[in-house]
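The structure appears right after this line, and notes come after that.
The values are calculated or read from the model by the stated rules, or taken from the named source; none is laboratory data. Not measured: the values here are computed from a predicted model. Glycine also receives a Cβ, built like all others from the backbone with ideal geometry; neighbour counts cover every protein chain displayed.
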Amino acid sequence: MGDRYRLRRPARERHVMLQLAEIFYTLQGEGAYTGTPAVFVRLAGCNLACDFCDTDYALKFVASVDDVVRKVREEGGGCPMVLITGGEPFAQAETLALIAALRADGRRVHVESNGTIPVELPDDVWLTVSPKERLSPSMARRADEAKLIVDGRVPHEWVASFDAPIFLQPEGNKPENVALAVEAAKADPRRFRLSLQTHKFIGIR
Ligand code: SF4
């Protein structure tokens, strides 16, 4: 499928360039797909500058869409799941071409976004929205899951924006944040689930 598609795809799409931070194969540690093997494609850059951000999304290299698809194959072989994250993936308009190419290569594409930049996505793309500020209503509606960071408080102000399941994720897996998230989930079991950063427990990326 991938080879046939490569022959058909327009040259301009194959040569679209992306700014990247890293590509690596691991397990998804958070949310509904916790424990699922996935190739992570971390794009460089973000349109926000959150005080608490601990993600290194600095530009490390530039690659074409085809190069990224090839690297995903090298890292993950036949792994079905690819997670595009950042930074903010939709800060680069070229991300939509990457999603198209990965889907054509037979991958199940997941994207993690801060939900500030509205985009149209195919129905089979799994969208995780973790709001920080300026949440786009259309991205909140499109989300398959929401991830709210619990850091000294549960950010209840975002809850009404989402119909999708909401995962409460304690910042840094700190016991006081875990306790707050557990308490909130028990108090509102129809809206909340707990998401721990399980990769940190077992020392993988
Ligand atoms: S939106 Fe996410 S990646 Fe961007 S600065 Fe905030 S925490 Fe960091």
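Can you tell me which of CYS50, CYS79, CYS46 is modelled with pLDDT of 95 or more and within 16 Å of the ligand (Cβ to nearest atom)? Full working, then the answer.
On the way: CYS50 fails: modelled with pLDDT of 95 or more; CYS79 fails: within 16 Å of the ligand (Cβ to nearest atom).
Selected residue: CYS46, the only one of CYS50, CYS79, CYS46 that is modelled with pLDDT of 95 or more and within 16 Å of the ligand (Cβ to nearest atom).
If you go through the range 127-154 one residue at a time, how many are more than 21 Å from ASN47 (Cα to Cα) and free of Cβ contacts under 8 Å to residues at least 60 places away in the same chain?
Summing the residues that are more than 21 Å from ASN47 (Cα to Cα) and free of Cβ contacts under 8 Å to residues at least 60 places away in the same chain in the range 127-154 gives 4.
For the range 134-144, which positions are over 12 Å from SER113 (Cα atoms) and either of a type in the set (Ser, Thr, Tyr) or in a loop (DSSP other than H, G, I, E, B) (or both)? Give the derivation first.
Looking only at the range 134-144, we keep the residues that are over 12 Å from SER113 (Cα atoms), and these are 134, 137-138, 141.
Across the range 134-144, the qualifying residues are ARG134, SER138.
Is it fair to say GLU94 is more than 16 Å from the ligand (Cβ to nearest atom), within 17 Å of the chain's Cα centre (by Cα) and among the acidic types (Asp, Glu)?
Against the criterion (more than 16 Å from the ligand (Cβ to nearest atom), within 17 Å of the chain's Cα centre (by Cα) and among the acidic types (Asp, Glu)), GLU94 qualifies.
Counting only residues that are buried (at least 19 other Cβ atoms within 10 Å of the Cβ) and assigned to a helix (DSSP H, G or I), which one in the range 159-179 is nearest to the chain's Cα centre (by Cα)?
SER161
Among the residues of the range 53-76, which ones are within 16 Å of the ligand (Cβ to nearest atom) and either of a type in the set (Asp, Glu) or in contact with a Leu (Cβ under 8 Å, 6 or more places away or on another chain) (or both)?
Hits for the range 53-76 are ASP54, ASP56, TYR57, LEU59, LYS60.
Answer with yes or no whether LYS147 is within 11 Å of the ligand (Cβ to nearest atom) and assigned to a strand (DSSP E or B).
Yes, satisfied.
Name the single residue that is farthest from GLU74 (Cα to Cα) among those in the range 102-136 being more than 13 Å from the ligand (Cβ to nearest atom) and among the charged types (D, E, K, R).
Restricting to residues being more than 13 Å from the ligand (Cβ to nearest atom) and among the charged types (D, E, K, R), the top hit is GLU120.
Could you list all residues from the range 180-205 that are part of a helix (DSSP H, G or I), free of Cβ contacts under 8 Å to residues at least 60 places away in the same chain and not small (Gly, Ala, Ser)?
Correct list: LEU180, VAL182, GLU183, LYS186, PHE201.
Which members of the range 23-43 meet the condition of being on the phi > 0 side of the Ramachandran plot and within 16 Å of the ligand (Cβ to nearest atom)? Walk me through it before giving the result.
Our first condition is that a residue be on the phi > 0 side of the Ramachandran plot; within the range 23-43, this holds for 31, 35.
Listed by number, the list holds a single entry, GLY31.
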